[in-house]
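Take a look at the structure set out below.
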Amino acid sequence: FQPKKTNEQKAKRKLLFRQFDPNGNGYLALAEIEKGVRDVLELPEIYERKEVMMRAYQAAKGVANNNENEVGSDFVEVSEFRLLLVYFRNYLQVSQMFDRVDIEGDHRINLEEFEAAIPMMETWGVAITDTEASFNEIDDNGGGQILFDEFADWAIKKGLDLEDYED
């Protein structure tokens, strides 16, 4: 699922954007995006993963920066909607990676889980030679656990790809 930039796809996205934007103001707040994912796209695999929606929203909003009064920087505009859809895909894939590494299912990755997942992560396209150094690099806040946001930043920067992910 990579939204294309053809005229036909642009027209479909504009229509979809209007369905997400019930008040027609040209801006999507996070609540409107959540409702659109649930009611328009009907994608529970994204709707139920709030971290995916939040990260995609944060990444897409304000990219176009078309609005002189900066109102648009807090919302997703129609020109950013394609990016929002791309980010949904990317962050959903990253969340599935995170879940596979988080063996304990506590929404945090400890050093032991990270170390055990190295062979799996190598199939996603990253070579880890120093486990502890890599873990500490990802653990941005130094809390001794890797949180989803930290993992997502690292995975996106490294270009990890979940080979068995279906669009």
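Nothing in this text is a laboratory measurement; each read-out follows from the coordinates by a stated rule. Quantities reported herein were computed from a predicted structural model and do not represent experimental measurements. Heads up, the Cβs are rebuilt from the backbone with ideal geometry, glycines too, and the neighbour counts pull from every protein chain shown.
A few notes on this one:
- Compactness of the stretch 77-167 as Cα Rg over 2.2 N^0.38 Å, two decimals: 1.11
- Summing charges over all other residues whose Cβ lies under 9 Å from the Cβ of Arg82, with Lys and Arg as +1 and Asp and Glu as -1, gives +3.
- GluC sites (Glu not before Pro) within the stretch 71-167, DSSP loop, no more than 15 other Cβ atoms inside 10 Å: Glu104, Glu163, Glu166
- Gained length - Lys50 relative to Ala29, 0.36 nm times residue gap less alpha-carbon distance: 6.1 nm
- Here the convex hull built on the C-alpha positions of the stretch 11-131 has a volume of 135 cubic angstrom per residue.
- Rounded to the nearest 20, the size of the Cβ-charge dipole of the chain about its Cα centre is 1280 debye, with Lys and Arg at +1 and Asp and Glu at -1.
- The longest stretch of the chain left intact once loop-based trypsin sites (Lys or Arg not before Pro) with at most 14 other Cβ atoms within 10 Å are removed from consideration, loops following DSSP, is 6-167.
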